[in-house]
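Novice: Mind having a look at this structure? Questions to follow.
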Amino acid sequence: MRMPAYLLIPLAAAGAVACAGPSAPLQNASVHGANPHSRVTLSASGDFARNNADAIVYDRKLAPKGARASVTAESSGGQTRTSLVVEGFLPSRAYGAHLHANACGKKPEESGPHYQHQQGKIDPVSEIWLGFTTDGEGAGRASSRNPWSFNPDRLPRSLVIHAKPTITSGPQVGQAGDRVACLTLR
C-alpha cells in the first residue's frame, strides 16, 4: 500500500528519522551522545491492524479498517518536537493522543501510563499531548513542542490514540478515554 504524500511530511521534516522494521529493538532509535541533551529521534507509522505488533487497533469502531498514522518525535538542544498525521479515522471527530511509557501490547493497558518528562506532573508541558480533530475525510494532524529533551535512558515507547479529547483541567486532567489504537516507537 502506497503512503499518501501528506503522511510523509512529518517524516521528511524531521530529517534523519530512525525507521526500523517491525522486529527491530528500541535501541535502533537514533541517539547521539550520552547526556539528556543528546539528539534523539523516534518514529512509527503504519496501518492499524489486529495482527500488526507495531500498529495495533483496540477499537475498530473508532479506528475503522484502513485507519493509519505516522508520528515522529525529535529531541535535541533542550527542545522536543513531535508531529502526528492520521487518516482513515471517523470523519469530523475529536480524539486524544499521547506518548506512552511502554511499547504497544495485545491489551490496551500494556502501553502503560503517559510518558512524563517530569515524573508525576500531568500537563501538556511535562507530557506530549497530540489531540486532533479529523476532517470530513477522517484525516487529522497534531504537533507539540516541549521545552526539554528526551533523556536517552528513559524514552517513550509508544503513541496511543484515545477515544476522547484530553481533559485539560480539573481532577481528571490528562485523561482522554479508552485506548483506540497504538503505534510502537522505534
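The values are calculated or read from the model by the stated rules, or taken from the named source; none is laboratory data. Please read all numbers here as calculations on a predicted model, not as lab measurements. Quick reminder, even Gly has a Cβ in these numbers, built from the backbone with ideal geometry, and neighbours come from all protein chains shown. For accessibility, only protein heavy atoms count, side chains too; no ligands or nucleic acids. Shrake-Rupley method; radii C 1.70, N 1.55, O 1.52, S 1.80 Å.
Novice: Every residue in the range 145-173 that is more than 13 Å from the chain's Cα centre (by Cα) and hydroxyl-bearing (Ser, Thr, Tyr), please. Give the steps one after another, and end with the answer.
Specialist: Taking the range 145-173 as the starting set, the residues that turn out to be more than 13 Å from the chain's Cα centre (by Cα) are 145-154, 163-173.
Matches in the range 145-173: 149, 166, 168, 169.
Novice: Kindly list the number of the only condition in (1) in a loop (DSSP other than H, G, I, E, B); (2) within 24 Å of residue 65 (Cα to Cα); (3) open to solvent by 10 Å² or more (accessible area, probe 1.4 Å) that fails for residue 142.
Specialist: Just one mismatch for residue 142, condition (1).
Novice: When residue 109 is evaluated against the numbered criteria (1) more than 25 Å from residue 79 (Cβ to Cβ); (2) part of a loop (DSSP other than H, G, I, E, B); (3) out of contact with any Pro (no Cβ under 6 Å at 6 or more places or on another chain), which criterion, by number, is the only one it fails?
Specialist: Of (1) more than 25 Å from residue 79 (Cβ to Cβ); (2) part of a loop (DSSP other than H, G, I, E, B); (3) out of contact with any Pro (no Cβ under 6 Å at 6 or more places or on another chain), only one is false for residue 109: (2).
Novice: In contact (Cβ under 8 Å) with a residue 24 or more places away in the chain, under 17 Å from residue 56 (Cβ atoms) and over 14 Å from the mean Cα position of the chain (by Cα): is that true of residue 78 in this structure?
Specialist: no
Novice: Please enumerate the residues belonging to the range 115-144 that are in contact (Cβ under 8 Å) with a residue 60 or more places away in the chain and over 14 Å from the mean Cα position of the chain (by Cα).
Specialist: 138, 139
Novice: Restricting attention to the range 161-180, which residues are of a type in the set (Lys, Arg) and open to solvent by 70 Å² or more (accessible area, probe 1.4 Å)?
Specialist: The answer is 164, and nothing else.
Novice: Search the range 90-104 for residues being touching a residue at least 60 places away in the same chain (Cβ under 8 Å) and farther than 17 Å from residue 42 by Cα, and hand back the single one that is surrounded by the most Cβ atoms within 10 Å (Cβ to Cβ).
Specialist: 95
Novice: Could you list all residues from the range 153-186 that are in contact (Cβ under 8 Å) with a residue 24 or more places away in the chain, in a strand (DSSP E or B) and not hydroxyl-bearing (Ser, Thr, Tyr)?
Specialist: Correct list: 159, 160, 161, 162, 179, 180, 181, 182, 183.
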